[in-house]
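For reference, the structure discussed in these notes is given below.
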Amino acid sequence: MTNDYRMLSKGVRLVCVRNASSLGFIGLGNMGGPMAMNLLNKAKGDLWVYDVNADSVDKAVKAGAKAASAPAEIAENCDRIVTMLPNSPHVMSTFGGEQGLLSTAKAGTLFLDCSTIDPAAAQTVAKMCLEKETVFMDAPVSGGVGAAAAGTLTFMVGGPAAEFEAGQSILQHMGAKIVACGDVGTGQAAKICNNMMLGISMVGVSETYNLGKRLGLDPKILASIVNAASGRCWASDTYNPVPGVIEGVPSSNGYAGGFGTTLMAKDLGLAQDAATNTQSPIPLGSLAHQIYRVMSSDPRFADKDFSSVYALLSEEKLL
């Protein structure tokens, strides 16, 4: 058994005693798949997995994981569970319902939701978990597929401070930086702000390199200047959207893999909703949202990495 952890919430004290031999993971997509593999390789004990995609489950099972037939079976066998799902409705349905996690969860179970969802949805799920005497923490990630595979993700954690150490003991197998942001929902708030900035900067970087190319500049030469000057940013020096400037990123692989355009549109939509609710002006965030909404409805870009905004602006053909 692990150490006891205590949570104070609405005056209720829970003593959470967790079995160190059982971990669960739900959501084996582009990000969740490699995250689960890191847990499987680095954490002690069994790893139970579930995903609607049978091929993803088979891949994890071949690597040594145990397959569950539904979220409920995960909760039957595990009291420390990580979820990595596409959106708020997916998270709600995974926790609720006849075969949901909370239908079989034991008191004291720790849930770490790494999905990017509405902060209000995270708070709703946290209340559902509290009613079952379980603990919910939102822990969305940043770093992309490469960091997920390397185990160097950044986790933004919202939840009870007394449970942070327990969550950290799991997240450390998948990430290099784990930040306590505050109460439930603040992790999502940090992620939404980060991704709004990322979406805006990727559009700006793509505009810049397209302009430079049309002015006769070699993109690699422009990159060598920008990345050592005041225009330097992650979208330029690490994840450049121009094919051939940086090897190993989606732009140099036909914009395949990476962080999808549709997911960026979703995250910018969450930022837009949050800005509306708080009456915060986000003119550039709103414009980036509209650009990615257009791209996500275009079959040329819908399944491509979000850096394909460069291909949209430059009117270059996709591979």
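The values are calculated or read from the model by the stated rules, or taken from the named source; none is laboratory data. On a predicted model such as this, the values are computed, not experimentally measured, just so you know. Cβ coordinates were reconstructed from backbone atoms using ideal geometry, including for glycine residues, and neighbour counts include every protein chain displayed. Calculation scope for accessible area: heavy atoms of the full protein, side chains included, ligands and nucleic acids excluded. Shrake-Rupley method; radii C 1.70, N 1.55, O 1.52, S 1.80 Å.
Tabulated data
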read-out: Semi-axes of the equivalent ellipsoid for the chain, Cα gyration tensor, largest first, Å; value: 37, 21, 17
read-out: For the stretch 99-230, share of DSSP beta bridges that run antiparallel, in % to the nearest 5; value: 25
read-out: Principal axis dimensions, largest first and in whole angstrom, of the stretch 200-319 by Cα; value: 43, 33, 23
read-out: Euclidean distance of C-alpha centroids, the stretch 153-181 and the stretch 195-214, integer Å; value: 31
read-out: Cβ-Cβ FRET estimate between GLU131 and GLN172, R0 fixed at 45 Å, reported to 0.05; value: 0.95
read-out: The chain: most fluctuating residue of ILE221, ILE192, ILE81 per GNM, C-alpha cutoff 10 Å; value: ILE221
read-out: Largest-first ordering by accessible area, 1.4 Å probe, given options ARG80, ARG214; value: ARG214, ARG80
read-out: Computed label-point distance, nm, for sites ALA107 and ILE225 using a 7 Å Cα→Cβ extension; value: 6.7
read-out: The chain: antiparallel DSSP beta bridges as a percent of all, rounded to 5; value: 25
read-out: Per residue accessible area in Å² of the chain, where ligands, DNA and RNA are left out and the probe is 1.4 Å; value: 46
read-out: Value of [θ]222 nm, deg cm²/dmol, for the chain, DSSP H segments ≥ 4, -39500 (n - 2.57) each, nearest 500; value: -13500 deg cm²/dmol
read-out: Kyte-Doolittle mean at least -0.5 and Cα axial length at least 18 Å: DSSP H helices in the chain; value: 119-131, 186-214, 261-278, 283-296
read-out: Pair ALA63, GLU247: separation of 7 Å Cα→Cβ label points (nm); value: 2.5
read-out: Amide H partners (placed H, <5 Å) of THR116, local residues excluded; value: LEU85
read-out: Per-selection Rg to Rh, the stretch 81-160 - Cα, Kirkwood hydrodynamic radius; value: 0.98
read-out: Solvent-accessible surface (1.4 angstrom probe) belonging to THR276, in square angstrom, nearest 10; value: 90
read-out: Protection proxy ranking, peptides 232-239, 54-61, 158-165, 199-206, average beta carbon neighbours within 10 Å, highest first; value: 199-206, 158-165, 232-239, 54-61
read-out: Amide H within-cut-off set for PHE25, under 5 Å, with H built and near neighbours excluded; value: TRP48, VAL49, TYR50, VAL82
read-out: Taking only Cα atoms of the stretch 2-183, radius of gyration then Dmax in Å; value: 14.6, 45
read-out: Within the accessible area of the chain (1.4 Å probe), percent carbon and sulfur; value: 55
read-out: Nonlocal amide H pairs with ARG232, under 5 Å, H built at 1.01 Å; value: none
